[in-house]
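Q: Take a look at the following structure, please.
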Amino acid sequence: MIQIALAAGGIAFGTAPLIDVVAQGGTSSVSDTFSTQRGKHSLRMGADVRFNLNLYDVGFYTRGLIQFLSFNDFLTGSTYVSLFGNGVGRRTLRSWDYNFFVQDDWKVTPKLTLNFGLRYELDAPPYDTQGRLATFDPGLYQPRMLTAGGVPVGPPIAGYVQAGNVTKQYNDPDIPKVSKYVLKSIDPNNLAPRLGFAYSPASSGQLVVRGGYGIYYSRTSFQYATLGVADPPTYVFGVNVQAPFSNPFFPVPAGNQFPTLVPGIALSGTFLDRNIRTPYVQQGNFGVQYAMHHTLFEAGWVG
Amino acid sequence: MNANWDDHLSVADTLTAKLFLFDAPQTLVLPSFLGAGANVPGFGNNQYNSGRIVSLQETHAFGTRSVNEARISYSFLRVDAFPQQPVNDQSIGIQRATRRRPIRAWA
């Protein structure tokens, strides 16, 4: 990809940096729900087991990017910034979800109905079948003490961790192994209660008051694991400034040399937090409905 | 392709099947990719999209007060994207884009 004065409305031509992509995703699920009516109780209970997969092979900047500040610079081959990436862009991610719930709609009196529910979710984090997951843990960071002009040279002594199920092909012996999820916990305590009521105080039935509250979990997407594909030690971006056009790119290692931490390359990236939890929201609602002749007045709050 | 099938196996049992298949090849003249693509024609890409969704559900009634619903399902999506005319480094005068180098040279 060649970019010429792009910030000033110039042109970009060539192959896009993120264009080589093979991606597949799928979910298989088995679920069962049983509903029954017992007197004043309407009971429902169920279970759902899901298997998620995400396979992809991507190349970030594997065809390079060269920026020129002006058209004259382009004609004379005076590059500004050259960017080149390489690494292991392939992942075979898997995850399992286990969901269970039970709920009861209890018609206490003709004027009052109560709703109780409890849901449990174990949304196991994704893992790679070859263990090609790694991240940077700030709590383990130990900078390399060698300096050149006050700047640490080479990658840190410690800070990176890799998946415990990493295969021999992708294992970097200098990087400690943690769980296959890389995370510190799979977050198993995801109990989600739900409460609700509907009450009609007047004998005419014209007034109804409703309310409810619940906690709702939702698994994280595979995105946070995917973002780390372009991070060290499985990937590097080499940046050169004003390099000769005949050889503009930083000499990144060949693909079969990864994972590795390459000296001279910024080890920055978008790393996943090892303390990540299953996200959830708390949601409540309250509403009043009043019927008068052929008109219904309604006021509600949702938060 | 979309297909739905409902069958009342008996008074108490109903079987429901759903099938959805699609194949959608595309040619993108100006592939954007977060704004990082070319902004002039001539560097398009081929993108192949396909998907499969299959679902099978059985509903069984236990008398008039109880119902059981069992379901298995499968979904699959695929997206492949490749440039039509990749620009090679040699074609614009770049000698070598990568070369092997000893790793861990700092150790």
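The values are calculated or read from the model by the stated rules, or taken from the named source; none is laboratory data. Keep in mind that what you see is a predicted model, and the values were worked out from it rather than measured. Please note: Cβ atoms are built from the backbone with ideal geometry, for glycine as well, and neighbour counts cover all protein chains shown.
Q: Quick check: anything in region A:64-74 more than 9 Å from chain B (Cβ to nearest Cβ), within 22 Å of B:SER50 (Cα to Cα) and either touching a residue at least 12 places away in the same chain (Cβ under 8 Å) or among the β-branched types (Val, Ile, Thr) (or both)? Talk me through it step by step, then tell me what you get.
A: Within region A:64-74, the subset more than 9 Å from chain B (Cβ to nearest Cβ) is A:67-74.
Next, from what is left, pick out any that are within 22 Å of B:SER50 (Cα to Cα): none.
No: zero hits.
Q: Which residues, counting only those in region B:1-58, are part of a loop (DSSP other than H, G, I, E, B), in contact (Cβ under 8 Å) with a residue 24 or more places away in the chain and closer than 23 Å to A:GLY25 by Cβ?
A: The one that is part of a loop (DSSP other than H, G, I, E, B), in contact (Cβ under 8 Å) with a residue 24 or more places away in the chain and closer than 23 Å to A:GLY25 by Cβ: B:PRO31.
Q: Is there a residue being within 7 Å of chain A (Cβ to nearest Cβ), farther than 25 Å from A:THR27 by Cα, out of contact with any Phe, Trp or Tyr (no Cβ under 6 Å at 6 or more places or on another chain) and crowded, with 16+ Cβ neighbours inside 10 Å anywhere in region B:60-78?
A: Yes, region B:60-78 has at least one match.
Q: Can you name the residue in region A:162-205 that is of a type in the set (Ser, Thr, Tyr) and part of a loop (DSSP other than H, G, I, E, B) and, of all such residues, is surrounded by the most Cβ atoms within 10 Å (Cβ to Cβ)?
A: Residues of region A:162-205 of a type in the set (Ser, Thr, Tyr): A:167, A:170, A:179, A:181, A:185, A:199-200, A:203-204.
Going one step further and asking which of them are part of a loop (DSSP other than H, G, I, E, B), we end up with A:167, A:179, A:181, A:185, A:200, A:203-204.
Numbers: A:THR167: 12, A:SER179: 17, A:TYR181: 22, A:SER185: 14, A:SER200: 18, A:SER203: 8, A:SER204: 8.
The extreme case among them is A:TYR181.
Q: Please tell me if A:THR109 is of a type in the set (Val, Ile, Thr), out of contact with any Cys (no Cβ under 8 Å at 6 or more places or on another chain) and closer than 30 Å to A:PHE197 by Cα.
A: Values: of a type in the set (Val, Ile, Thr): yes; out of contact with any Cys (no Cβ under 8 Å at 6 or more places or on another chain): yes; closer than 30 Å to A:PHE197 by Cα: yes.
Considered against the rule, which asks whether it is of a type in the set (Val, Ile, Thr), out of contact with any Cys (no Cβ under 8 Å at 6 or more places or on another chain) and closer than 30 Å to A:PHE197 by Cα, A:THR109 comes out as yes.
Residue-by-condition table, conditions (1) in contact with a Leu (Cβ under 7 Å, 6 or more places away or on another chain); (2) surrounded by fewer than 18 Cβ atoms within 10 Å (Cβ to Cβ); (3) of a type in the set (Gly, Ala, Ser):
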{"residue": "A:ARG219", "(1), (2), (3)": "no, no, no"}
{"residue": "A:GLN223", "(1), (2), (3)": "no, yes, no"}
{"residue": "A:PRO232", "(1), (2), (3)": "yes, no, no"}
{"residue": "A:VAL236", "(1), (2), (3)": "no, no, no"}
{"residue": "A:ASN240", "(1), (2), (3)": "no, no, no"}
{"residue": "A:PRO244", "(1), (2), (3)": "no, yes, no"}
{"residue": "A:ALA254", "(1), (2), (3)": "no, yes, yes"}
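Q: Inside region A:32-53, can you point out the residues that are facing chain B (nearest Cβ under 9 Å) and without any contact (Cβ under 8 Å) to a residue 40 or more places away in the chain?
A: Across region A:32-53, the qualifying residues are A:ASP32, A:THR33, A:PHE34, A:SER35, A:THR36, A:GLN37, A:ARG38.
Q: Let me ask something else. Kindly provide the set of residues from region A:113-159 that are loosely packed, with under 14 Cβ neighbours inside 10 Å and either away from chain B (no Cβ under 14 Å) or modelled with pLDDT of 90 or more (or both), ordered by number.
A: Matches in region A:113-159: A:PRO138, A:GLY139, A:TYR141, A:GLN142, A:GLY149, A:GLY150.
Q: Would you say B:ALA38 is farther than 30 Å from A:ARG63 by Cβ and either among the hydrophobic types (A, V, I, L, M, F, W, C) or exposed (fewer than 15 other Cβ atoms within 10 Å of the Cβ) (or both)? Before you say what the answer is, go through the steps one by one.
A: Values: farther than 30 Å from A:ARG63 by Cβ: no; either among the hydrophobic types (A, V, I, L, M, F, W, C) or exposed (fewer than 15 other Cβ atoms within 10 Å of the Cβ) (or both): yes.
Against the criterion (farther than 30 Å from A:ARG63 by Cβ and either among the hydrophobic types (A, V, I, L, M, F, W, C) or exposed (fewer than 15 other Cβ atoms within 10 Å of the Cβ) (or both)), B:ALA38 does not qualify.
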